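Worksheet for the structure shown next.
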Amino acid sequence: MAEKGVKVFGMWASPMAIRLEWALRLKSVVYEYVDEDLGNKSDALLRYNPVTKKVPVLVHDGKPVVESAIIVEYIDEAWKDGYPIMPADPYERAQARFWANFADEKDLNGFVQCNAAVYPVFTATGEAQGKVVHEAQQCLKTLEKALEGKKFFGGDAVGYLDLVVGWYAYWLPIIEEVSGASVVTDEELPLMKAWFDRFLAVDVVKETLPPRDKLLALNTARREQLLTA
Amino acid sequence: MATAGSGDELKVLGAWASPFLVRVLFALQLKGLRYEYVEVDLKEKNELLLASNPVHKKIPVLLHAGKPVCESQLIVQYIDEAFPASGPSFLPADTHARAVARFWGAYVDDKLLSSWKGIFATKDEEENAEAVRQTLAAADALEGAFRECSGEKLEWFGGDGVGYVDIVLGGLVPSMNVLELAVGIKVVDPDRTPLLAAWKDRFCALDAAKAAMPPLDRLLENAKKYLAEISFKTPASK
């Protein structure tokens, strides 16, 4: 019996999993969300993603797709008559993917890219925090260039890069609150700050964000755990 | 064929020993596209490179009518998308298969290459040995991927012909050969990864690959110099 339908294996607090939900909702695709306990992963998850065993995983008619940025492109192609997520022009697509890599990945040569620069803000304290915040801001300032003259990274409407980077709009202020750091300010990152507000006002984003107090509590606890480890 | 002088000019900024460059040149060769190659000395400041890749200042960079595309995998995808009428498609037509190809392409850099770099990262022999184990484990995973992707023919990741993952992994073939000759580490091995070992030989026999790969003796000499500089000791094999 062929498996039909769309399933997202994710975790309620995961910024990577939420990308899939945004993409699917932009395409008006109905899906089932499976919330994983990452400390006790389901057999289904491990069966669908034996290689990395991570969330999120998209299962479409029984076939798994892995790696959130790759899944977003898959969603765009699988429902190509719906909302356009990737830019149409190959050059624009290359630019969008470039910035998505810049935001997401650890650089092979050890150059700090955005996620790698932002993460230390979570646990840095005292004097070290200043340095770490500065580095995060430098990365975000570079990323901000892709916003210049536009409402969204995708132009007038939300696109691929907005979906990849969008988690910053909700998670970064929480990281700032938990750690007491100030990263995205009007003075340092005006375009990014304005884009945060616009992005959070988008319907598919509003519909899916996890409850702030729950996310704040989780991150507060996690930070304490990491600092006392 | 791309025509010169029509605003469609292709230029590649590269460094001759780079595996990332091999990917780009191989892709261009497969598509039958003409391009100008510009060797960049990474120790010197290069204005064109800085202007083309201000964020990372790294090669390879593809300039298409002066517009830069950076990062080897993105360049390969760009070549595939910008020249659909030239030569074979690198990515398969099936949407799911495309996602699988992109996944394994990313895996080559995220897992295989990052472990591989770890072999030479520190002076700690145990850490280096662990990096070797992880590199071989990544190669084992790719052996499984090959079986999954190559269909009945078992010739190319791309199935019927050379595809995206063949290009991405293919860039590392010269480095695999050098690693084996210089320190005796076999990333692919006829015993451990028979499909990949056969694939590697098949790759090396392609005209497009021969045109893209740097001379092995020069690469080996380069590698030996580097290994001497870092006083590298080959980790004991398990």
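The values are calculated or read from the model by the stated rules, or taken from the named source; none is laboratory data. If you're wondering where the values come from, they're calculated on a predicted model, not measured in any experiment. Please note: Cβ atoms are built from the backbone with ideal geometry, for glycine as well, and neighbour counts cover all protein chains shown. Heavy atoms of the whole protein, side chains included, go into the accessibility calculation; ligands, DNA and RNA do not. Shrake-Rupley method; radii C 1.70, N 1.55, O 1.52, S 1.80 Å.
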Using the Kirkwood formula over every pair of different C-alpha atoms, what hydrodynamic radius in Å results for chain A? 18.5
Cβ crowding within 10 Å averaged over residues, with B:76-87, B:158-169 ranked highest first: B:158-169, B:76-87
Protection proxy ranking of A:64-72, A:185-193 - average other beta-carbon atoms within 10 Å, highest first: A:64-72, A:185-193
Residue separation times 0.36 nm, minus the C-alpha to C-alpha distance between residue A:229 and residue A:156: what's the value? 21.8 nm
What distance in nm lies between label points placed 7 Å from Cα along the C-beta direction at residue B:137 and residue A:53? 0.9
Fraction of accessible area attributable to carbon and sulfur, the range B:57-115 (%, probe 1.4 Å): 58
To the nearest Å², the heavy-atom accessible area per residue of the protein assembly as shown with 1.4 Å probe amounts to 46
What FRET efficiency, computed as 1/(1 + (r/R0)^6) with R0 = 51 Å and r the Cβ-Cβ distance, is obtained for residue B:36 and residue A:3, rounded to the nearest 0.05? 0.50
Dividing the mean separation of Cα pairs under 8 Å (6+ apart) by the residue count of the range B:168-238 yields a relative contact order in percent of 34
Compute the distance in nm between two label points, each set 7 Å from the Cα along the Cα-to-Cβ direction, one at residue B:47 and one at residue A:77. 4.1
Work from the charge dipole of the range A:1-112 (Cβ charges, +1 for Lys and Arg, -1 for Asp and Glu, about the Cα centre) and give the residue of A:66, A:6, A:49 farthest towards its positive end. A:49
Could you tell me the total accessible area buried at the A-B interface, probe 1.4 Å, in square angstrom to the nearest hundred? 2500
For chain A, what % of the accessible area comes from carbon and sulfur atoms, probe 1.4 Å? 52
Between the range A:136-170 and the range B:16-93, what is the separation of their alpha carbon centroids in Å? 25
On average, how many beta carbons from a partner chain sit within 10 Å of the beta carbon of a residue in A:67-79? 3
List for the range A:81-98: residues with 30 Å² or greater reduction in accessible area, all protein chains versus chain alone, probe 1.4 Å? A:90, A:91, A:94, A:97, A:98
